[in-house]
Amino acid sequence: MPNLGGVWNPDLPAEEIRRAVDAQMRRLKTSLAEYREHRIAEDGFGAGLLDHGILENGPQPVHAPDGSASLFLDGEILNADELRRRFRAKLPERDLTPPEVALHLMLAEGDDVVRLFNGHFAIVLLRRRPKSLTLVSDRLGLRPLFVLARGRALFFASEMKAIAAVDPGERKIDEVATLERFCYRAHMFGDTWMEGYRKLRPATILTADANGVRRREYWRYAYDESAPRLDERTYATRYAVLLDRAVERAMRGRHRIGIFLSGGYDSRAVAAAIRKHHLPIPAFTFGTPESRDMRYARMLAARLGLEHHGVPDPSPYLAPHCASIVWRTDGLASFANATSINHHDFLKQHVDVILLGFLAEYNGSHTWPRLLLARTPEAARDAVFARYALRGAAGARRIFRASFFHQAFGALRDRFQRSFADVPNTHPLNVSDAWIVKNFEPFSTFQSAAIDRHRFENRAPLTDSDLLEFLLTIPPKARLEQRVYKRMIAHAFPAIRDIPCTNSGRPIEPRFLREYAAMVARYAGRALTKPFTRKDPLLGRDARDLAATFRAETALRDGILLPLLDRGIFPERIFDLDGIRAVVDEHYRGAARHESLLSALISWGLGVKFLLHDDFAEVDPRIRGAAAAPAPVR
């Protein structure tokens, strides 16, 4: 994934703008990849793009024939050829690169034409008559773009560290957003743990001009509750057709393509939809050799004609790469869940583009008893709050000062409730699923992919716009426990129907009533036998035993977390340092499991050290490249 950065400041001359963009590019670079640098700098505006060439977008920025506008495309528009055909009467009669297609269409049709763009992208458009800046995020916000407003200036970049490199203001901790991070591993409204640093929300058009900065949505993730109802066989058939097209779009280009393959539903659906003339391609599975993921993925690869690579983690695998992971993800993702960096050198021998199976949430995978009992949008909101905020709050309460926690938790609850104003649905399952995709995923699933950005491209066919539009018409009953999704996999890909799934350990059962009855029976049985049995986690759903790994890698405690506490990285006005030490002690004595909380503490603490204190010497020099001290723009 290329890296993008830029500055909008009507008060700055071109030379100052150029220095700022230079500083941003230095902060984004890594010596592990070769880039072509694309830049522009003029009075009031500048931007740069580090392009590794995998996406074949051509030279940038692209310019309007009369010089009135220039555009950068970070990412890709997978349906650029389709758009060329649809709008051929309004486009120049020559071959156009995807950035040129985007520029000509936005100038001819207006900014809302981006609603038709299918892909993961961030767009920067400069208009010169009159002068304005437009930033666009893709529908789901999969291509990250962070922004910071300081007076009349606006800074933007793919990573927060590139904004921090030129930020003329005082960098501070956003205390409520920090509490959100520890309660439910996400932030509301695009805020981050750094005050004023915001992630451009999904499907957003931001405009900066002489009148200030404005944001608006051009598309909204919402289920179509008035769509005509179809039978499940029709839904499943249509799903298979659109998935085939989505995966074929993702196979475009001349660079090497592979897939991250687990034993779950999502990556197997993507793998099974790869057309035979593309095979074999490499498939990579992470974890211990005994895990379900590894065993089932091997079976899937053999049936589908994939070249399987089991990729066990080295020992140790967390502590040696912890700082580099946090550097690349800006402390926004728990480092223990973004460890593919361990294997980058091996992966690069085989692939440039990685297919991912993530974001099948709109298939209906997020249900739990309280949500199923909800009958109103308000009850759904309360069920989501209990699951995502209250569950994490129990751990957060132990590491924050009581006075701060009680004060900030009220603000957290208020922000949480206001976040549902963007969800227009009324059915409880629709309300929950829409909220999760819009508010939770951008800081969890989406952010973890940033770890691969500097060396690879990621494509997620299940996020294809055409497929997504269709899936948003499927009613909750048909999505319950992924019934249409499972039916689609079972009937469209019968060769893998009998291969068990990691979550259940059983083959796909498309007959919902039979599966649901069996699931309830298994749940009741586990509840009755749990006090008398001990399940080996390596043979269960988990690819690795993270709690044991933390205990084995004492360097995480002694070399990273405790020194962060001793140095004062965790402000005592909000954190309870004794409480943190108690949590650490409990985990490493084996008295309790706190690996998720410890991962969040380390990620946040290192993020603060790197981005607020400008102390990143411990990051592997190959990863941070030419990162230098900040060069604030005054």
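The values are calculated or read from the model by the stated rules, or taken from the named source; none is laboratory data. None of these values were measured; they are calculated from a predicted model. Glycine gets a Cβ as well: all are built from the backbone with ideal geometry, and neighbour counts include every protein chain shown. Surface areas here come from the heavy atoms of the whole protein model, side chains and all, with no ligands, DNA or RNA. Shrake-Rupley method; radii C 1.70, N 1.55, O 1.52, S 1.80 Å.
Debye sum, Cα scatterers, the range 469-512, no solvent: what log₁₀ I/I(0) at q = 0.30, 0.31 1/Å?
-1.07, -1.10
No solvent, one uniform scatterer per C-alpha: report log10 I(q)/I(0) for the range 24-89 via the Debye equation at q = 0.15, 0.21, 0.23, 0.25 1/Å, two decimals.
-0.62, -1.02, -1.12, -1.21
Quick check: residue separation of Arg214 and Leu116 times 0.36 nm, minus the Cα distance between them. What number comes out in nm?
Length gained, Arg214 through Leu116: 33.1 nm.
Filter the chymotrypsin sites (Phe, Trp or Tyr not before Pro) in the range 182-251 to those in DSSP coil with at most 11 other Cβ atoms within 10 Å of their Cβ, and list the result.
Those that pass, being in a loop and sparsely packed, number zero.
Considering every pair of different Cα atoms, what Kirkwood radius, in Å, is found for the range 248-288?
By the Kirkwood definition, the hydrodynamic radius is 11.1 Å.
Computed over the Cα atoms, what is the radius of gyration of the chain divided by 2.2 N^0.38 Å, N being its residue count?
Working it through for the chain, the quotient is 0.94.
Share of the chain's accessible area from carbon and sulfur, percent, 1.4 Å?
Taking all protein chains in place, the chain shows 51 percent carbon and sulfur surface.
What distance in nm separates the two pseudo spin-label positions at Ala89 and Leu480, each 7 Å out from Cα along the beta-carbon direction?
4.9
With label points built 7 Å along Cα→Cβ from the Cα atoms of His63 and Lys172, find their separation and express it in nm.
Inter-label distance under the simple model: 4.2 nm.
Rg and Dmax of the range 58-156 over Cα atoms: what are they, in angstrom?
According to the Cα coordinates of the range 58-156, Rg and Dmax are 13.5, 43 Å.
How are the alpha carbon pair distances in the range 1-140 distributed across 10 Å bins from zero to the largest one, expressed in percent?
12, 42, 35, 11, 0
Counting only Cα atoms, I'd like the Rg/Rh figure for the range 286-335, Kirkwood definition for Rh.
1.14
Beta carbons within 10 angstrom, averaged per residue: use that to sort the peptides 600-611, 346-357, highest first.
Highest mean packing first, the order is 600-611, 346-357.
In Å³ and rounded to a whole number, note down the convex hull volume per residue for the Cα atoms of the range 14-58.
67
Once R0 is set to 45 Å, what does the formula 1/(1 + (r/R0)^6) return for the Cβ-Cβ distance between Tyr588 and Glu37, expressed as a FRET efficiency to the nearest 0.05?
0.50
What residue among Ile496, Phe404, Leu103 has its Cα farthest toward the positive end of the dipole of the chain, where the charges are +1 on Lys, Arg and -1 on Asp, Glu, each on the Cβ?
Final value for the positive-end residue is Ile496.
How big is the Cα convex hull of the range 181-251 in projection, averaged over all directions, in nm²?
It is 9.4 nm².
On each of the three principal axes of the Cα atoms of the range 311-411, give max minus min coordinate, whole Å, ordered largest first.
Extents along the principal axes: 52, 39, 22 Å.
Given a 1.4 Å probe, how much area per residue of the range 35-189 is accessible, in Å²?
Dividing the accessible area of the range 35-189 by its residue count gives 33 Å².
List the pair-distance distribution P(r) of the range 440-498, using every Cα-Cα distance, as the percent of pairs falling in each 5 Å bin from 0 up to the bin containing the longest distance, rounded to whole percents.
The percentages, shortest bin first, are 4, 14, 14, 21, 19, 15, 11, 3, 0.
Say each of His406 and Glu109 gets a label point 7 Å from the Cα, pointing the same way as Cα to Cβ; how far apart are those two points in nm?
5.6
Along the Cα-to-Cβ line of His277, 7 Å from the Cα, sits a label point; which residues in the range 234-253 have backbone N less than 14 Å from it?
248-249, 251-253
Counting Lys and Arg as +1 and Asp and Glu as -1, what is the net charge of the other residues whose Cβ lies under 9 Å from the Cβ of Ile205?
0
What's the magnitude of the charge dipole for the range 413-475 around its Cα centre, counting Lys and Arg as +1 and Asp and Glu as -1 at the beta-carbon? Answer in Debye, nearest 20.
Its charge dipole is roughly 320 debye.
Grab the Cα-Cα distance for Asp558 and Ala394, subtract it from 0.36 nm times how many residues apart they are, and report the gain in nm with one decimal.
56.5 nm
Taking 0.36 nm per residue of sequence separation and subtracting the Cα-Cα distance, how much length would be gained by fully extending the chain between Val241 and Arg567, in nm to one decimal?
Between Val241 and Arg567, full extension yields 111.7 nm more.
Once the principal axes of the Cα atoms of the range 260-370 are found, what is the range along each, listed largest first in whole angstroms?
46, 40, 27
Along the positive direction of the dipole of the chain (beta-carbon charges: Lys, Arg +1; Asp, Glu -1; about the Cα centre), which of Leu142, His309, Gly44 reaches farthest?
His309
With a ≥ b ≥ c the root eigenvalues of the C-alpha gyration tensor of the range 106-175, is it rounded (a/c under 1.5), prolate (a/b larger than b/c) or oblate?
Judged from the Cα gyration tensor, the range 106-175 comes out oblate (a/c at least 1.5, b/c at or above a/b).
If you keep only loop residues by DSSP, which GluC sites (Glu not before Pro) in the range 17-72 have at most 16 other Cβ atoms within 10 Å of their Cβ?
Sparse-neighbourhood loop GluC sites (Glu not before Pro): Glu34, Glu56.
Just the Cα atoms of the range 81-209: what Rg and Dmax do they give in Å?
17.1, 54
Residues with beta-carbon under 13 Å from that of Ala552, excluding Ala552: net charge, scoring Lys, Arg +1 and Asp, Glu -1?
Neighbour charge sum, excluding Ala552 itself: -2.
Above 13 Å lies some portion of the pair distances; for the range 196-237, what is it as a whole percent of all C-alpha pairs?
That fraction is 71 percent.
State to the nearest 20 debye the size of the charge dipole of the chain about its Cα centre, where the only charges are +1 on K and R beta carbons and -1 on D and E beta carbons.
Dipole magnitude for the chain comes out near 1480 debye.
Using 29 Å as the Cα-Cα cut-off, could you pick out the over-long pairs in Lys199/Lys477; Lys131/Lys609; Lys161/Lys348; Lys276/Lys348; Lys131/Lys161; Lys90/Lys276?
Exceeds cut-off: Lys199/Lys477; Lys131/Lys609; Lys90/Lys276.
Out of all DSSP beta bridges with both ends in the chain, state the antiparallel percent to the nearest 5.
80
Using only Cα atoms, what is the ratio of the radius of gyration of the range 146-197 to 2.2 N^0.38 Å?
Cα Rg divided by the expected 2.2 N^0.38 Å: 1.14.
What is the distance in Å between the Cα centroid of the range 562-588 and that of the range 113-167?
Here the two parts' Cα centres lie 36 Å apart.
Calculated FRET efficiency, Lys131 and Lys348, Cβ-Cβ r, R0 51 Å, to nearest 0.05?
Efficiency for this residue pair is about 0.80.
Based on the alpha-carbon gyration tensor of the range 372-458 and its eigenvalue square roots a ≥ b ≥ c, which shape applies: rounded if a/c is under 1.5, prolate if not and a/b is larger than b/c, or oblate?
Verdict is oblate for the range 372-458.
Residues of the range 390-494: accessible area per residue at 1.4 Å, in Å²?
Result: 31 Å² per residue.
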